[in-house]
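First up is the structure itself, then whatever we jot down about it.
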Number of protein chains: 2
Amino acid sequence: MINTLLKHRSIRKFKSTPIPEEELREMLEAASRASTCGNMQLYSLIVTRDKAMREKLLPCHFGQQMVVEAPCVVTVCADVHRFSMWCEQRDAEPAYDNFAWFLTATIDALLAAQNLVVAAEARGLGICYLGTTIYTAGEIVKTLNLPKGVLPVTTIVLGYPDEKPELTDRLPQDAVVHFEQYNDYTAAEIDELWAEREESELTKQLLAENGLPNLARIFTERRYVKEDNVAISRSYLELLKERGFMNQ
Amino acid sequence: MINTLLKHRSIRKFKSTPIPEEELREMLEAASRASTCGNMQLYSLIVTRDKAMREKLLPCHFGQQMVVEAPCVVTVCADVHRFSMWCEQRDAEPAYDNFAWFLTATIDALLAAQNLVVAAEARGLGICYLGTTIYTAGEIVKTLNLPKGVLPVTTIVLGYPDEKPELTDRLPQDAVVHFEQYNDYTAAEIDELWAEREESELTKQLLAENGLPNLARIFTERRYVKEDNVAISRSYLELLKERGFMNQ
């Protein structure tokens, strides 16, 4: 069981084999059993199997082919709309249209998402999270017809693996774990934490391809650059305002 | 395995029995295998076992006794500090001090957190997430000595259960799952989704205790009230600014 967690690798090539309805339902059930603030279940999972619909989502994920190749795409949304609607129907005045509840709903949504992922992997399926979701959240809102109070935070591509990638390296456990308090890193510790990755063949190859002197600059100058980071931040904050999460 | 997910219940009463180091390390390993944006691992897990330290955290969690009764409290933090420090040491200019990266780091943090929880429950341990974390995040920052670029998003109390609560009810699966697109709810559907819970003995008891006419008003007038929601939103947004996540 813990083995399922330890063996996780993201899958980016999928067979088109559909997921049996009953299995999908069981995974969704596992998702819905995750912890949720006050048992409010402030999230929605949009399960898109229809190919035409997945083709509409494709540009939102920068054309990554797995969106159409895999049989199933799950858009994971923070959702205070359903709960607020219930409150209004009961003459209760909901006040969940603010940042605290965006954050709370986002937490609910991600715990459910990860349960879905663990259940899927336990059944031999593969998954990939799509970080592109927050880049194009406004487009996804339109494509999936999300009402005010509902915003996508991530997406899971789900299906049967058509590749068997190696386990990705991770930083040593002590890089991400602190005991008692945060023990800030010395410069020497930072060097040590990244040493293995920096010396790997994969890194050498990347540096040659990109004509850059080190791995950190692959991140800052190629993968996640300032201009994009700033633009995404602004557009998501704007969306929070428009979609009713900034009334405080 | 999926059974572990389906059987989850939050535990609020714990034995003081410590968690063997090796088991804790394995759970943390499971956490670190969760999906992470660009393999950047933008989170830190602060494992607090020292009782004096947990006593300092206690007021941050409104005095909930499990914080001192359980052997272990894990504060789950979004962390762009470590990665940015690495970039700076390599003459790469990090630009992760903005909202997009708070969100990305929060996603990383929560997927790791839920893996930790699943691994713990698979081993027979119990957990409870503490939503209070975002209410008092500024105090937690001070208590745990979090540097700029690191903010707590949730907390997991971890230990051996000293109670065996019933499985909590959830909304029917179709309440939180939508196929293809978001299918907005009719008023009748909302009524139906909450009907079972509204008619339960537990609800009747709550209404009598609170002198309120329906369950929704327990939420809006007792549990999560507007004044608090607004105050928490403002303080967390302020903290995002202060701790270096709002430079866009």
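So A:Lys142 clears everything in (1) assigned to a loop (DSSP other than H, G, I, E, B); (2) open to solvent by 40 Å² or more (accessible area, probe 1.4 Å) except one condition, right? Which one?
(1)
Can you find a residue that is among the aromatic types (Phe, Trp, Tyr), open to solvent by 20 Å² or more (accessible area, probe 1.4 Å) and modelled with pLDDT of 95 or more anywhere in region A:112-131?
yes
Can you tell me which residues in region A:123-139 are more than 10 Å from every other protein chain (Cβ to nearest Cβ), part of a helix (DSSP H, G or I) and not small (Gly, Ala, Ser)?
Matches in region A:123-139: A:Thr132, A:Glu139.
Could you grab me the full set of residues in region A:1-48 that are facing chain B (nearest Cβ under 7 Å), free of Cβ contacts under 8 Å to residues at least 40 places away in the same chain and outside any helix (DSSP H, G or I)?
A:Val47
Are any of the residues in region A:136-150 in contact with a helix residue (DSSP H, G or I) (Cβ under 7 Å, 6 or more places away or on another chain) and free of Cβ contacts under 8 Å to residues at least 40 places away in the same chain?
no
Quick one: in region B:159-202, of everything that is touching a residue at least 24 places away in the same chain (Cβ under 8 Å) and among the acidic types (Asp, Glu), which residue is nearest to B:Thr17 (Cα to Cα)?
Per the criteria, the residue is B:Asp162.
Considering region A:159-203 alone, what residues qualify as being of a type in the set (A, V, I, L, M) and touching a Pro at 6+ places or on another chain (Cβ under 8 Å)?
Within region A:159-203, just A:Leu193 meets the criteria.
For region A:146-248, please list each of the helices (runs of 4 or more DSSP H) lying entirely inside it that holds at least 3 residues being exposed (fewer than 14 other Cβ atoms within 10 Å of the Cβ) and either within 7 Å of chain B (Cβ to nearest Cβ) or at pLDDT 95 or above (or both).
A:187-198, A:201-210, A:226-242
Out of B:Ala100, B:Ala70, B:Ala52, which single residue is buried (at least 24 other Cβ atoms within 10 Å of the Cβ) and over 16 Å from B:Gly159 (Cα atoms)?
B:Ala100
The values are calculated or read from the model by the stated rules, or taken from the named source; none is laboratory data. Keep in mind it's a predicted model, so treat the numbers as computed, not measured. Glycine gets a Cβ as well: all are built from the backbone with ideal geometry, and neighbour counts include every protein chain shown. For the accessible areas, the whole protein counts, side chains as well, though only heavy atoms, and no ligand, DNA or RNA atoms are used. Shrake-Rupley method; radii C 1.70, N 1.55, O 1.52, S 1.80 Å.
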